[in-house]
Every structure is written in C-alpha cells, then in structure tokens.
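**Student:** This is the structure I have questions about; it appears just below.
The values are calculated or read from the model by the stated rules, or taken from the named source; none is laboratory data. Every value quoted in this text rests on a predicted model; they were computed, and no experiment measured them. Cβ coordinates were reconstructed from backbone atoms using ideal geometry, including for glycine residues, and neighbour counts include every protein chain displayed. Note: accessible area is taken over every heavy atom of the protein model, side chains too, but ligands, DNA and RNA are not part of it. Shrake-Rupley method; radii C 1.70, N 1.55, O 1.52, S 1.80 Å.
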Amino acid sequence: MALCIRSSNVLCNSLLLQLMRATSIQSCLVRQHCLFTADANRTESIHLKRKIQLTRNTLPSLTWSIVRAYSKKGKDKGGKGHKKIDLAPEQLEGLVNMEKVNEEFNHVLEDLHEKFIHQVTLRTSIGAFDNLVVKTPEGNFPLIQLGQVLQKSPQLLTIDLATSPQYITNVKEALMGSGMNINPQQDGTSLFVPIPKVTREHRENLSKNAKALSEKSKKQLRDIFSKYSKKIKSSKEGHSADDLQAAEDKVQEMMHQVLHKVEEITAAKQQELLGGK
C-alpha cells in the first residue's frame, strides 16, 4: 500500500511538472508573439512616418496673400486679360480664419496617418485596441477606458466590458469599422477577437479598408470646405464679391492639396499591405 501511494505521488508530481512546463512554454510563445508583433508594427510605423513627414513638409504653407485672376474683355486679338487681386490680412478679418482652416485640414490628414500606423497593419497587436476610439451617446472614448483588453494567445484577444456593458454594441461597431479586418464575437459581457492570419486575402481586405478610411477622410475635408464656404458667402457686409470669391478659392486650393496628400499616403499604405516594394 505504501509503495502504491509513493508511486501515485511520483506520478502526480511528474504530471504537475509537465503542466508547469507547458504553461511556461505557452506564456513564452505569447510573449514572443507580442514582441514580434510590436517590432513589426514599429517597422511599419517608421516607414509610414517617413511618408507623412514628407507630406507635412509639402503641405501648403499659410500665407496672407490671396490672389485671384479675373477675366476681362479686351480689344486685343489675344482675347482675355487678367486682373490680380491681393487680399491683405485685414481684408480677411470677418471672412475666414486661415490658421483655423489649415489646422482642421491637417487634423484630418494626421488622424488618417495614425489609423494607418496603429490599426491597418498586417500583424494586429494589443496596442492597436487600447487607443481605438469608440463613439457612444455620451461622447468618444478610447477603448481602454471602457474595458480591459487581454491577449489570451497569439491567435485570440478578449475584451472584458463587465464594467461598462451598455457600450458593448458601440465597441463592436468601432471594431468592425476600425479597418483591422476583424470579426468580434460576443459572449456575455466579453468580446472575443480572433487575430487573422497574414494571408493574401487578409492583405487585400486590409488594402480595401485603407481605401475606405481614405474616402472617409476625403469626405471630412470636403465637409470642412463646405462649412467655410458657407461662412464666407454669408459674410457679405463690408466685403466685395471679388474678395469673397478669392477667399473661397484659397480654402478650396488648400483642400485640393491635402486631398492629394491623402491619396499619396493611401497609395503608399496599400502598396505596403499588398507586399509591394
């Protein structure tokens, strides 16, 4: 009987040791995956940051000289002549705040840049979820303020929303629209997020998502232009029609230049996602 007990104890200790080793190996694999993912995302971030830095350097500079060419009839065979009108800073007062316009346009561009770096990546990391913006009836919040994101394994993340279950639907919508090509599954107050494998299909889906985010940014830019265009047109008192048109054209010119930069960084991101050089 004593021999059987000792044998049983030896067997239990052996099984416990094997379980501890297996748990240690799994934890090590998860840590290695997290480190590998972080390194890969840092590399992607460096490449795109270089691209966005070039973009910032070539954005339209803020100037107070606004020039518009107007046609006028002439007797010359050449047809039309041109008259240039320069708007001084004092002429812009009450029309449009060009610093504010520039700030709003650049904010849209930089927001898209941040999404490309942290969300639209080949290897999804836990950091991409922490700062994901979730729109709720009470306002916009980063996901980390609403729930706890845990990496259960290299292939699975969980989001615990036990402290704010009323926002589960909002979080799911944010995840689905993040561009990360993920499909969260709900179980009670938790969301399970399988991490997609890096396949050709995954690359193509991410590229489509990058394009969709780009189109949203373009719409934001056009909405900003529309807002300032209406404001300029409503500021008729004390300003000539030529001044109103010149100011509106300047805002439109800035919008077109930022739209071009959006297209540039989107093309670069899609090339990166699809494995292009």
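**Student:** Going by the structure shown, is LYS269 in contact (Cβ under 8 Å) with a residue 60 or more places away in the chain and among the basic types (Lys, Arg)?
**Tutor:** yes
**Student:** Which number in (1) small (Gly, Ala, Ser); (2) in contact (Cβ under 8 Å) with a residue 60 or more places away in the chain; (3) closer than 30 Å to ILE195 by Cβ marks the one condition that ALA247 misses?
**Tutor:** (3)
**Student:** Now a separate question. In the stretch 145-189, how many are open to solvent by less than 20 Å² (accessible area, probe 1.4 Å), touching a helix residue (DSSP H, G or I) at 6+ places or on another chain (Cβ under 9 Å) and over 27 Å from GLU204 (Cβ atoms)?
**Tutor:** 4
**Student:** Scan the stretch 200-211 residue by residue and report those that are open to solvent by 50 Å² or more (accessible area, probe 1.4 Å) and in contact (Cβ under 8 Å) with a residue 24 or more places away in the chain.
**Tutor:** ARG203, GLU204, LYS211
**Student:** Return the only residue of LYS219, LYS236, LYS230 being outside any helix (DSSP H, G or I) and exposed (fewer than 14 other Cβ atoms within 10 Å of the Cβ).
**Tutor:** Going through LYS219, LYS236, LYS230 in turn, the sole match is LYS236.
**Student:** Ok, one more. Out of the residues in the stretch 120-144 that are more than 14 Å from the chain's Cα centre (by Cα) and assigned to a strand (DSSP E or B), which is surrounded by the most Cβ atoms within 10 Å (Cβ to Cβ)?
**Tutor:** Of everything passing the filter in the stretch 120-144, PHE141 is surrounded by the most Cβ atoms within 10 Å (Cβ to Cβ).
**Student:** Further question: If you scan the stretch 250-275, which residues turn out to be more than 21 Å from the chain's Cα centre (by Cα) and either open to solvent by 40 Å² or more (accessible area, probe 1.4 Å) or closer than 25 Å to MET180 by Cβ (or both)?
**Tutor:** Scanning the stretch 250-275 gives GLN252, GLU253.
**Student:** Looking at GLU110 and the list (1) without any contact (Cβ under 8 Å) to a residue 60 or more places away in the chain; (2) more than 30 Å from GLN245 (Cα to Cα), which single condition is not satisfied?
**Tutor:** (2)
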